[in-house]
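Inspection log for the structure reproduced underneath, given as structure tokens.
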Amino acid sequence: MPDRGSGAGAPALIFVPRSFLFLQGPQSLFFERLGRALIARGHRVHRINLNLGDQVFWRLPAINFRGRVEDWPEFVAGAIDAHAVTDLLLLGDRRPYHIAAPTSPGSAESRFMQPISATYGPTG
């Protein structure tokens, strides 16, 4: 049986930090908790608030978008470029701002995680 340990001859695992951009999420602290967990693991986390509700549930640093809907695609594309975003997180892919957001930062392939249902509670 091959040695799967980290001994001599084992391939080195290289950690590559990712850059996450959070848009609108659930009306809870779930996205903030996820953001903090990603930061603790060495990733970069960014957020664009679109309304007061977004600000209530996100206490980490964020950018507040206060422009017109027609200005949004250029604004979010600029944020994606400025932060070298690798992953876009949002809840509700049919929301107007989410429809206009690029679906695949930095690549030609989109990856989606679409739960059939989600349950949130006080402990996560």
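Listed values, structure above:
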{"item": "From the options Arg95, Arg36, residue that is within 15 Å of the chain's Cα centre (by Cα), surrounded by 11 or more Cβ atoms within 10 Å (Cβ to Cβ) and not β-branched (Val, Ile, Thr)", "result": "Arg36"}
{"item": "Leu60 in a strand (DSSP E or B) and either touching a residue at least 24 places away in the same chain (Cβ under 8 Å) or within 16 Å of the chain's Cα centre (by Cα) (or both)", "result": "no"}
{"item": "Test: residue in region 63-73 that is among the aromatic types (Phe, Trp, Tyr), assigned to a loop (DSSP other than H, G, I, E, B) and in contact with a strand residue (DSSP E or B) (Cβ under 8 Å, 6 or more places away or on another chain)", "result": "yes"}
{"item": "In region 76-86, the residues that are part of a helix (DSSP H, G or I) and in contact (Cβ under 8 Å) with a residue 12 or more places away in the chain", "result": "Val76, Ala77, Ala79, Ile80"}
{"item": "Contacts under 7 angstrom Cβ, first residue in region 9-35 being under 24 Å from Ala84 (Cβ atoms) and in contact (Cβ under 8 Å) with a residue 60 or more places away in the chain, partner acidic (Asp, Glu) and part of a helix (DSSP H, G or I), 6 or more apart", "result": "Gln24/Asp54"}
{"item": "Sole exception among (1) in a helix (DSSP H, G or I); (2) modelled with pLDDT of 90 or more for Gly53, by number", "result": "(2)"}
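Conditions tested, residue by residue: (1) under 17 Å from Gln24 (Cα atoms); (2) modelled with pLDDT under 90.
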{"residue": "Trp58", "(1), (2)": "yes, no"}
{"residue": "Ile80", "(1), (2)": "yes, no"}
{"residue": "His83", "(1), (2)": "no, no"}
{"residue": "Asp93", "(1), (2)": "yes, yes"}
{"residue": "Gly106", "(1), (2)": "no, yes"}
{"residue": "Pro115", "(1), (2)": "yes, yes"}
{"residue": "Gly121", "(1), (2)": "no, yes"}
{"residue": "Gly124", "(1), (2)": "no, yes"}
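The values are calculated or read from the model by the stated rules, or taken from the named source; none is laboratory data. Note that this is a predicted model, so its numbers are computed, not measured. Note: ideal-geometry Cβ built from the backbone for every residue, glycine included; neighbour counts use all protein chains shown.
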